[in-house]
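Only the coordinates and a few stated rules stand behind these numbers; no lab work does. Keep in mind that what you see is a predicted model, and the values were worked out from it rather than measured. Cβ placement follows ideal geometry from the backbone for every residue including glycine, while neighbour counts extend to all protein chains displayed.
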Amino acid sequence: MEHTESVRFFNRGPSPAARLVFFSLLSLLLLFVDARYRYLESTRNVLATLVYPIQRLATLPITLWYGADEFLTTQTGLIRDNDQLHEQHVADVARLQQLQMLQAENARLRKLLGVQQRSEYRMQLAEVIYVARDVFQRKLFVDKGSQANIQAGQIVMDDNGIIGQVTRVYPWLSEVTLVTDKDHAVPVQIMRSGLRAIVFGSGDTGDLSLRYMPVNANIREGDELITSGIDGTYPPGIPVARVTHIERDPAYPFARIRCSPVAGVNDQRFLLILSGERKLPPRPEAAGDGVRGKGKKSRRKMLP
Amino acid sequence: MSTVFPKDREFLLPASPLFIGLSLLAALMLDWLPWSGLWLTLRPDFVALVLLYWCTHKPYRVGIGIAWAMGILSDVADASLFGQHALAYAVLAFGGIVLHRRVQMFDLRQQTMQIFPLMLACYAVYAAVHWQLHGYIAWEYFSGSVTSTLLWAPLTLLLQALRRPHVEDEL
């Protein structure tokens, strides 16, 4: 370094230290702006579009492997699968007919009660492209984006239950935050007792925690948790988790309850994205300042 | 290897901009493979390694600016906060440029010992950002710096070997 500076044959521009300071300040500024204000979403979109082909290229070998695997499925396997599906189909038809009858009956009853109709949800199939690199984030990227009319806030599930929600949308990609993410909360209801609660991700792969439940709450191991739908984001009645462990220590105000997600949060390749808005009446104006602040806070937690 | 090329000449091997670009692209693709579970915790940061390689071997070609740009691309692909990887890679590139003469004098084993603190600094930036956001220090981040450092020697050998044929054409 020294002799290039002393001789000055070549103009190398500013010194490394000056560059470090410049770029560090720039990064810190970006960090601050991104963490506080989220102004940079459009820039992120443009860059994500540029990066997209490289990402597809990186996952190409895996895609090819799966493709080859599917291509080489044996005939016996296909026949067996077909038989199984056929049986399943026959069983399902019977149940579906019952369901249709029940739906019609339910619609009539609801009309009688004057309750708002629950809207139908349409589903879109999406494939997981890759998993976020950060160990502390539970996020996935799927291959449907704003080109397929995906919007942030839509719910992602598999055939068993909730997986998470779409938190960021790019043109051909969208980012899904899983229910196991540390900052994620889902309002739930215990199916057996109807008790409402909120289940939080623990940041661990297969663990959720049910917080703020009193020690004497009516909850047992093996209880199923379904979405309560009172947040307006998650549709009601979809399975979320099952209680695996309860620790009731009278020394603490709340019981320590652990649950495991029902859906295959970590091992799914194909996911369903629910679309279809729920029509909710506008939020009533809160009476006092304190109440309003509280409402805002809880709302922010629902939509990380 | 060093019989054909004396050690002081290893660093004089030419490197075309195309080769530098391709190596960085390959590193990005390795980083974006779907790692999960324990592998995700132990995953080495290939982009950081390749950047460090070029910063120590060609400090006037690949500098803090390029490292910063690669960091921004990593941030986008990772959905992490804008500037997190950029800051880490800028610090890493600065360390690489400051130490480049020392690294050039050492053999691979000694280089590895010099690289380790730089990698630690790089991962310390992630941990610091995480600490600022979430309020606690995540020590798991640092396991990646160990695997990255262990990969320094194989990666250097590979890149040197890939650069060699260009010399034979010119000689």
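Here region B:16-170 is assigned +1 on the Cβ of each Lys and Arg and -1 on the Cβ of each Asp and Glu. Its dipole about the Cα centre then comes out at about 340 debye.
Give the average, rounded to an integer, of partner chain Cβ atoms located within 10 angstrom of each Cβ in B:131-138. The partial results should precede the final answer.
On the way: counts 0, 3, 4, 4, 0, 0, 0, 4.
Average per residue, whole number: 2.
Amide H contacts for residue A:202 (H built 1.01 Å from N in the peptide plane; partners 5 or more residues away or on another chain; cut-off under 5 Å): A:207, A:209.
Taking every residue in B:63-75 and counting other chain Cβ atoms within 10 Å of its Cβ, the average works out to 4. Ratio of Rg to Rh for region B:87-171: 1.10 [Cα atoms; Kirkwood radius as inverse mean 1/r over pairs]. The sum of -39500 (n - 2.57) across all DSSP H runs of n ≥ 4, divided by the residue count of the protein assembly as shown, sets its helix-only mean residue ellipticity at 222 nm to -16000 deg cm²/dmol.
Phi angles of region A:42-47 translate, via the Karplus equation with coefficients 6.51, -1.76, 1.60 and θ = phi - 60°, into HN-Hα couplings of 5, 4, 4, 4, 4, 5 Hz per residue; Gly and Pro are given as x.
Averaging the Cα positions of each part gives two centres, and for region A:80-99 and region B:28-72 these lie 51 Å apart. The mean number of Cβ atoms from other chains found within 10 Å of a Cβ in peptide A:28-36 is 5, as a whole number.
Percent relative contact order of region B:16-170, based on C-alpha pairs within less than 8 angstrom and at least six residues apart? Each step should come with its number before you reach the end.
Working: 167 pairs, mean separation 36.7, N = 155.
Relative contact order here is 24 percent.
When each full DSSP H helix of chain B is screened for a Cα extent of at least 20 Å along its own axis and an average Kyte-Doolittle hydropathy of at least -0.5, the helices passing are B:17-31, B:64-78, B:84-98, B:108-134, B:152-170. Scaled to the globular estimate 2.2 N^0.38 Å, the Cα spread of chain B, given as radius of gyration, is 1.04. Net charge of the neighbourhood of residue A:239, taken over other residues with C-beta under 12 Å away and scored Lys/Arg +1, Asp/Glu -1, is -3.
Whole-percent P(r), region B:53-93, all Cα pairs, 5 Å bins from 0: 6, 31, 28, 19, 11, 5, 0.
Note on the protein assembly as shown: Kirkwood hydrodynamic radius from all Cα pairs is 25.8 Å, rounded to one decimal.
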